[in-house]
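Worksheet for the structure shown next.
Each reported figure results from applying straightforward, stated rules to the coordinates on display, with no laboratory input. Computed from a predicted model, the values in this text were never measured in an experiment. Here Cβ is always computed from backbone atoms with ideal geometry, including for glycine, and neighbour counts include all displayed protein chains.
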Amino acid sequence: MKPLVEHRTPLSVSYGHFVLRDVWCDAGDDGESYQDAQDQVAGASTYQVSVPASSSPPKAGLELRVWAGEPAPDDRSWDGCRQLELHCPTGELIVELIACGAAVEITLPQGAGVYGVRVHRRHADTDEFLIDLWWRTPLPPADDDEDFYGDLWT
């Protein structure tokens, strides 16, 4: 099986991490994904994946691949790997560098949905990351915030 999309890019990491998120979900996650990433390869909240990276040196390499289905784990030598889940309401993702904005923008061929995410990390002279994504399921039904707030205001 070959990836549907493959993207390679160098990153200049600030503040010790970068994030992968849906373009629409820019409000942050109150640090949930960052806390989940402590002592891990990556961490996630519903709409965001945080990936810790060394800031010394601040340069890192990223390979991001999108697959039609769950790929086999990469057989290259990695220091760590973690599998997570990411909700993507628009079908458009960005890799965002803190204080610098989007480093990579990707339109997912399968569109909106819940995606499996597997993050691999290797630290040599610089950090190297491989992120594999694949569509898993449609998004769950939307929460009805009106009902929640309606109960508070009546």
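Measure out, as a whole number of angstrom, how far apart the alpha-carbon centroids of the stretch 57-95 and the stretch 10-51 sit.
Centre-to-centre (Cα) distance: 13 Å.
Quick one: if you stick a label point 7 Å off each Cα along the C-beta vector at I98 and K59, how many nm between them?
2.2
Multiply the residue gap between Q83 and E6 by 0.36 nm, knock off their C-alpha separation, and tell me the result in nm, one decimal place.
25.9 nm
Given the chain, what whole percent of its Cα pairs are spread farther than 20 Å?
Roughly 48 percent, once rounded to a whole number.
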